[in-house]
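S.K.: Mind looking over this structure? Questions follow.
The values are calculated or read from the model by the stated rules, or taken from the named source; none is laboratory data. Just so it is clear, the model here is predicted, and its values are computed rather than measured. Positions of Cβ are backbone-derived with ideal geometry, glycine not excepted, and every protein chain shown enters the neighbour counts. Areas reflect the complete protein model, heavy atoms only, side chains present, ligands, DNA and RNA absent. Shrake-Rupley method; radii C 1.70, N 1.55, O 1.52, S 1.80 Å.
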Amino acid sequence: MTMTPSLAEMAETYWKHGFLTGVPVLDPEELERATEGFSTLEREFGLEYAQYSLHNVHLKYRWVMSLAIHPKVLEPIKGILGPNVILLDSRFICKYPTKQKSHKAACESQKPVLPYVAWHQDIRYWGFEGGSVASVWLALDDVDRENGVLQVIPGSHHQGLLPHITSPNPGNMLTANQEIPEHLLNTSEAVECPLQAGQMSVHDGLTVHASEPNLSTRRRCGFVIRYVPTSAYPVQDPDRPRTFNATVLVSGVDEYHHFPNNAPNLQ
């Protein structure tokens, strides 16, 4: 029988290796509600938009906010960041099946550009200091090697912030099209973080990670949620231009008030 690790053990593992994976969150009924909710957004906005542009919709939909404040998400996050936590940012990220994406390109006699995520650190373009960021991937679909599983380099968060350049390869899903040059990385040490739908992984903002294209016939969708301790504060830095317009206090008290509490009144 496999023993569930304690919150203290999870936090110790996280700070040692820079990530956690396979953390159970959603029960079958909760997962069904979430997948139905996302399917509604796909129909409303279309697959191209749903792939990467459903940004900070926790302010608009109650079911999305319920994922961001789910006790089984927040308990490990509090164990990592402390009791006072701000939801910094959220985004749905979807890699749709290759065959589904390539049909149009085939008709146009073009080689399809397959979406992938280059090696990077989340914190590179995030304009804040004063605390770490913990990034959650909450899986709405099963995630494995075939459909573009998250890969991380354990312990890479101990290296500090690495140089990033503009990626020369098309298809990078990152907003700033950034990547860490591979000569700075030992990618042979990378490990995969497969997830069952309803599970989550968590990684530190300095943990180097990436994911390959979805080469399967299955969708690979997840809800990405970023959390910071209330001690974090925004900075004006043109090299880190990210702004934060959807911050919400989700645990404890905010003694600093560095970020506005945009908690929505969702009916």
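S.K.: Considering each of Ala246, Ala210, Ala176 in turn, give the residue that is under 21 Å from the mean Cα position of the chain (by Cα) and more than 16 Å from Tyr116 (Cα to Cα).
M.R.: From the options Ala246, Ala210, Ala176, the qualifying one is Ala246.
S.K.: So which residues in the stretch 52-73 are in contact with a Lys or Arg (Cβ under 8 Å, 6 or more places away or on another chain) and buried (at least 19 other Cβ atoms within 10 Å of the Cβ), if there are any at all?
M.R.: Residue satisfying the conditions is Leu54 alone.
S.K.: Of all residues in the stretch 223-236, which are aliphatic (A, V, I, L, M) and surrounded by 21 or more Cβ atoms within 10 Å (Cβ to Cβ)?
M.R.: Ile225, Val228, Ala232 - these are the residues of the stretch 223-236 that are aliphatic (A, V, I, L, M) and surrounded by 21 or more Cβ atoms within 10 Å (Cβ to Cβ).
S.K.: Tell me yes or no: at least one residue of the stretch 180-189 is on the phi < 0 side of the Ramachandran plot, touching a helix residue (DSSP H, G or I) at 6+ places or on another chain (Cβ under 7 Å), part of a loop (DSSP other than H, G, I, E, B) and in contact (Cβ under 8 Å) with a residue 12 or more places away in the chain.
M.R.: No, the stretch 180-189 contains no residue that is on the phi < 0 side of the Ramachandran plot, touching a helix residue (DSSP H, G or I) at 6+ places or on another chain (Cβ under 7 Å), part of a loop (DSSP other than H, G, I, E, B) and in contact (Cβ under 8 Å) with a residue 12 or more places away in the chain.
S.K.: Sticking with this one: Note down all Cβ pairs under 8 Å where the first residue falls in the stretch 227-243 and is in contact (Cβ under 8 Å) with a residue 40 or more places away in the chain and part of a loop (DSSP other than H, G, I, E, B), the second is open to solvent by less than 70 Å² (accessible area, probe 1.4 Å) and aliphatic (A, V, I, L, M), and they're at least six residues apart or on different chains.
M.R.: Listed by first residue and then by second, the contacts come to Thr230/Val85; Thr230/Ile86; Thr230/Leu249; Ala232/Ile86; Ala232/Leu88; Ala232/Val133.
S.K.: Asp239 is checked against (1) open to solvent by 10 Å² or more (accessible area, probe 1.4 Å); (2) within 21 Å of the chain's Cα centre (by Cα); (3) of a type outside the set (Phe, Trp, Tyr) and fails just one. What number does that condition carry?
M.R.: For Asp239, the failing item is (2).
S.K.: State which residue is farthest from the chain's Cα centre (by Cα) when the search covers only the stretch 36-58 and only residues that are more than 14 Å from Arg226 (Cα to Cα) and hydrophobic (A, V, I, L, M, F, W, C).
M.R.: Phe45
S.K.: From the set of residues in the stretch 1-20 that are aliphatic (A, V, I, L, M) and surrounded by 12 or more Cβ atoms within 10 Å (Cβ to Cβ), which is modelled with the lowest pLDDT?
M.R.: Among them, the one singled out is Leu7.
S.K.: Oh, and also: Could you list all residues from the stretch 244-267 that are polar (S, T, N, Q) and open to solvent by 90 Å² or more (accessible area, probe 1.4 Å)?
M.R.: Answer for the stretch 244-267, where residues must be polar (S, T, N, Q) and open to solvent by 90 Å² or more (accessible area, probe 1.4 Å): Asn245, Asn261, Asn265, Gln267.
S.K.: Same structure, new question: Of the residues that sit in the stretch 192-217 and are in a loop (DSSP other than H, G, I, E, B) and of a type in the set (A, V, I, L, M, F, W, C), which one is most open to solvent (accessible area, probe 1.4 Å)?
M.R.: Only one residue tops the list, namely Leu215.
S.K.: So which of Phe19, Phe45 ends up being closer than 20 Å to Asp122 by Cβ and not hydroxyl-bearing (Ser, Thr, Tyr)?
M.R.: Within the list Phe19, Phe45, the selection yields Phe19.
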